[in-house]
Amino acid sequence: MNSIKICIIVPKQISKSIIDDLYALGIRYLFVEVGRNSLLDKSASFSNFLSRKALITYPVEIVSFFVEEDDENAVLGYIARKYDLRIPGKGSIYSHGIQILRKHPDYDLKHEIHFKMKQSESFFHQLVGVSCIVQRGEGDRIARISLNYGASVPATTYGEGSGARDKLGLLRITIPPEKELINLVLSKHDTNPVMELYISEGKLNEAGRGIAYVYPLKQGIVNTKISRSQTDQAASIEQMVSAIDSLKGGMEWRKSSLERETTKRRDFLTNLCELNLICAEGKGVHLTEAAMSSGAPGATIGKIRFSRLDENLELKRYIKEQCKMIVPGGQVPAITKALEETGCFATDTKALLYILPVERAYTYRAKEIKKRRL
């Protein structure tokens, strides 16, 4: 079943208000993941001018839910306008297409959106998502890349790796299971240089360092407040750039230093998808082991909050586990079958399984190293 996934990334202090509005609109269930946004500290002091800019982080929540395509623009437009998401620093909102493979009846509640937007809202369409999964402690270094080049604001979340470490022999002792996931939404024209910087800065061509991948988005608004600075100007640089973005209808007009980055010839993985499994807390490891036995190379497991309004409009909240796996598209049927046979969608597991396409990915592959030696 095809559906639209909407993601909203906002500071923690306003996420509750947005969630309440979503319930009022008719959204019956949604997911909330905690994370952090990063920006550069550009103060006016001379000493700071000479030194590397400090990185400031603040807590955010990533609210996500599924809607029918007919309701996509109405929900996006309402939230974007009410919370002024076009103003840099307020947050990001975007949508992308997914395919729901299987789900427990807990997720069968149908959203009933109470309005249709009468006036159109202009969103950027030339967008992609880029995710980079690295070891805990490496996230800030990766987050700096998009900030240094003025691309957009990254959101970092947390998880624990499963499976891939077990294939590295003694090397697995030096690789901690804790992971950081850097999620970035940016213009598709900046994808190649950002991916190259992720690979080189993150040393993703070395065993156990992580993976970066690109996936398509439909439309959205991107948070472009990349720095905190002291200024006497009536409007910040970010606000002026955002205004031009709106006038131009996109971010393609920008000429940033990213364009000067040389992109090496990389052997990217293709024909992949991001397989997302959401299940009851404590079930993730067992289920991902079943998935890996049928072709999934590994998984990253994190915590996510699931809230739903039942038939009596009573709000219930649960802690779930979200398991992300980058898998070959041809392996999805076998993995799905293995999960079904493991009881993935039973009452005690209450799983939701969906996929989204991955355009390309890069990670360490032992065969590449052997080729170089030959």
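What is the calculated FRET efficiency for SER122 to ASN312, with r their C-beta to C-beta distance and R₀ = 51 Å, to the nearest 0.05?
On the way: r = 39 Å, r/R0 = 0.77.
Calculated transfer efficiency: 0.85.
With the convex hull of its Cα atoms as the shape, region 272-358 has an orientation-averaged projected area of 5.7 nm².
None of the figures in this text is laboratory data; all of them are computed from the coordinates on show. If you're wondering where the values come from, they're calculated on a predicted model, not measured in any experiment. Every residue, glycine as well, gets a Cβ built from its backbone with ideal geometry; the counts of neighbours run over all protein chains shown.
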